[in-house]
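A short write-up of the structure that comes next.
The values are calculated or read from the model by the stated rules, or taken from the named source; none is laboratory data. Please read these numbers as outputs of a predicted model, since none were measured by experiment. Positions of Cβ are generated from backbone atoms using ideal geometry, with glycine treated the same way; all protein chains shown enter the neighbour counts. The area values use the complete protein model at the heavy-atom level, side chains included, leaving out ligands, DNA and RNA. Shrake-Rupley method; radii C 1.70, N 1.55, O 1.52, S 1.80 Å.
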Amino acid sequence: MWNYSEKVQEHFFNPRNAGELEGANGIGDVGSLSCGDALRLMIHVDPDTEVILDARFQTFGCGSAIASSSALTEIIKGKTLDEALQVSNQEIADFLDGLPPEKMHCSVMGREALQAAVANYRGEVWSDDHEEGALVCKCFAVDAVLIEETIRANNLTTVQDVSFYTKAGGGCSACHEGIEDILNKVLAEKGQAFQSNVARVQADAEQALTQIEMPPLSTPQVTEAAVSGLSTLQRIRKIEAVIEAVRPQLQRDKGDIELIDVVGKAVYVRLTGACTGCQLASVTLSGVQQQLIESLGEFIHLLPVTKSPTA
Amino acid sequence: MDTIYLDNNATTQVDPLVVQAMLPYFTEQFGNPSSLHQYGNRVGLALKHARQQIQTLLGAEHDTEIVFTSCGTESDSTAILSALKAQPERREIITTVVEHPAILSLCEYLEKDGYTVHYLTVDGKGRLDLEHYQALLSDQTAIVSVMWANNETGTFFPVLEMAEMASQAGVMFHTDAVQAVGKVPIDLKNSKIDMLSLSGHKLHAPKGIGVLYLRRGTRFRPLLRGGHQERGRRAGTENSASIVALGKAAELALHSMKHENTVVKVLRDRLEQGILAQIQHAFVTGDPDNRLPNTCNIAFEYIEGESILLLLNKHGIAASSGSACTSGSLEPSHVMRAMGLPYTAAHGTVRFSLSRYTTEAEIDRVIEVMPGIIAQLRSLSPYWKNNAPVQEAFDPAYA
Ligand SMILES: Cc1ncc(COP(=O)(O)O)c(C=O)c1O
């Protein structure tokens, strides 16, 4: 599942301003059932001041679509129409402490609904200029104008980015070349070269590599004591203490554990009684081993000795 | 809050007995089964036992027909690529539009390499047209690959009959039985199936272990070459702990097969009827009369699947959806589109997949919370007003 921010979740589970708005004098409808998300934004505008007195929404869509709609209404309430039109999709996303990249198109949809509602209030037909661009993505009916605007507004550099923000190219992939052309055009204007995804990933990886600081190789320590900072006697006392501490528990299960020897990093123990045949002997051992490692602050092997060590 | 896991077609909980069986192979039994000393020997014997347990579950004639792989996807790839390599004169593949991406993505890739892939389409209930299939079989066909049961809807394909038809035409037949194994009785020795894929994590074994069943005498070319493991058919030191686990899981699956087809099925039907009785504009996708006993996929119109999952998750209920928004693909699932689901519903499908651990109390809890969740989302939807769709009312073909 997506990594939604707390804020997105909060606005999804408790959306603000959901439902129809009585007396709305501007309505913006965007999206469609077949696209998988649709949003109706209703605004009540004071004709004298052009201040948005109230805003409500109805949304069909995923968690972030609902949260973005909720955020949008909160952002624009109290703003004048001109102020509201300055709200970018990035602001909607920021209001929600960010959206996953795959979900940025939800915030774009919010912005479109706002433009549509304002146009509706002003008696304009919002979609007019929008339809001037040729349809680039047939699957999601996204045109060149919207793609270009979104690339500019968000400094997008890859086809994948464009798909995340506008959905264009997310269906059959047939329009990826068309999107690349638009990217090329916009980036060329900005003096940047278009990079394919592969090139960019490689560049990112190279940059990441140069940023890693290699720690100096340490020289191997000669004695265990030097590693853990304990004398041999201190080590053995600590080992004994851990073993003693687990014995009562094993004895309750009719078993026992006994320290046999310590040779370097190897700690030999003998498991007796119910423990030996028990399926979980290895689990017991690993638990004790873990405690020893924690107590000594060094890695040790805990090894069971069978009853006849020579076998 | 207790959580309710109804996403068993995605993956299953490893059975505690399976965990217990595999643990020693991480510790004392660490040997390499190829080694001649006793460390290797003991593990080798355990692998043989696991092979036999799987042989029994699949009704295979010989235990050597079981080849261990790393997952269902590897088994699928191995089967198809082997058929192409072993019969270079044959350049065509027959499969279906609703296969798992493990098959579909590979086929798309092979098309780029010049192979011809015929995709059998499905009707509104996810069923195939066998006459069309018959007409496509030819001496150009290298392999037919058809899933036994669909992972999204649970719908069965008539693989036994289709394997028979392939065999008559002299064509190799593979089935992706990843979702079917353990839930339906399988008797490979009395079938014409040449290859079958299964995956451990769908039947209460761990992830990262799979099997390719390879009928004795089937022409074969390995995917991985190297050591002589799996009789040279799959090189790479065996994942002994997981193989032992899968063997145990196979044995347990055989024991719980009846349970799956009685108790689990009844629970599934209870869930489905409980939901449909309370919620309008919802219907079952796929073929309700011919599907896995544990799976139910319901389409809820005028709302979107991801938001349903988020609300279910808030109630501690885990399910999945074919909705575009859950996958990031931006398009609803290829299975739903292939069945021609109306767009009002294609984004609102939810799959509940049960297991032998599912209880009646859990099912009743889902039935209890579902109507509230759907009503809440519909109240937000611009397509819904006063308990009815605002759009032109229409009768989906699936009612
Ligand atoms: C029908 C089908 N085939 C193949 C696979 C892939 O199996 P694995 O995850 O073991 O590679 C799955 C699992 O999702 C599946 O459902």
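Listed values, structure above:
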item: Loop sites in the stretch A:1-105: GluC sites (Glu not before Pro), DSSP, at most 15 other Cβ within 10 Å; result: A:20, A:22
item: Chain B, dipole about Cα centre (Lys/Arg Cβ +1, Asp/Glu Cβ -1), debye to the nearest 20; result: 1080
item: Helix B:265-278 axis, angle to chain B major axis (alpha carbon atoms, nearest 10°); result: 20
item: Entries in A:103/B:314; A:77/A:190; A:7/A:167 that, when Cα-Cα distance is taken, lie over 29 Å; result: A:77/A:190
item: Residue range of chain B that is longest and free of GluC sites (Glu not before Pro) which are both DSSP loop and sparsely packed (at most 14 other C-beta within 10 Å); result: B:90-391
item: Nearest 10 degrees, 0 to 90: helix B:38-58 Cα axis against chain B principal axis; result: 50
item: Per-residue SASA entry for residue B:156, accessible area with 1.4 Å probe, Å² rounded to 10; result: 40
item: Per-residue mean of C-beta atoms belonging to partner chains within 10 Å, peptide A:29-38; result: 5
item: Gain in span if fully extended, residue B:315 to residue B:390, counting 0.36 nm per residue against the direct Cα distance; result: 24.1 nm
item: Sum of side-chain charges, residue B:285 neighbourhood, beta-carbon under 15 Å (Lys, Arg +1; Asp, Glu -1); result: 0
item: Furthest towards positive pole of dipole, A:285, A:104, B:371, structure part the protein assembly as shown, Cβ charges; result: A:285
item: For residues of A:54-67, the mean tally of beta carbons on other chains within 10 Å; result: 6
item: Summed residue charge, Cβ within 10 Å of residue B:59's Cβ, Lys/Arg positive, Asp/Glu negative; result: -1
item: Solvent exposure, largest accessible area first (probe 1.4 Å, DNA, RNA and ligands not counted), of A:40, A:252; result: A:252, A:40
item: Exposure of residue B:78 as accessible area (Å², to 10), given a probe of 1.4 Å and all protein chains; result: 10
item: GNM top mover of B:379, B:333, B:82 - chain B, alpha-carbon springs below 10 Å; result: B:379
item: Cut-off under 5 Å, modelled amide H: who pairs with residue A:301 long-range; result: A:266, A:267
item: Within a Gaussian network of chain B (alpha carbon springs, distance under 10 Å), most fluctuating of B:120, B:23, B:252; result: B:23
item: The protein assembly as shown - share of DSSP beta bridges that are antiparallel (%, nearest 5); result: 70
item: Leading residue at positive end of dipole, the stretch B:218-316 (Cβ point charges), from B:255, B:278, B:224; result: B:224
item: Straight-distance crosslink candidates among lysines, where the alpha carbon sits under 22 Å from residue A:238 and sequence neighbours closer than 8 are dropped; result: A:265
item: At q = 0.06, 0.08 Å⁻¹, base-10 log of I(q)/I(0) for the protein assembly as shown (Debye sum, equal scatterers on each alpha carbon); result: -0.48, -0.82
item: Solvent-accessible surface ranking, highest first, for A:97, B:289 at 1.4 angstrom; result: B:289, A:97
item: Cα centre as origin, Lys/Arg/Asp/Glu Cβ charges: the stretch B:94-187 dipole, Debye; result: 200
item: Lys, Arg +1 and Asp, Glu -1 on Cβ, resulting dipole of the stretch B:16-253 about Cα centre, debye, nearest 20; result: 780
item: Radius 15 Å from Cβ of residue B:73, net charge of other residues (Lys, Arg +1; Asp, Glu -1); result: -2
item: Out-of-range pairs (alpha-carbon distance over 20 Å; input B:207/B:265; B:183/B:258; B:207/B:248; B:202/B:265); result: B:207/B:265
item: Accessible surface, 1.4 Å probe, highest first, among residues A:299, A:95; result: A:299, A:95
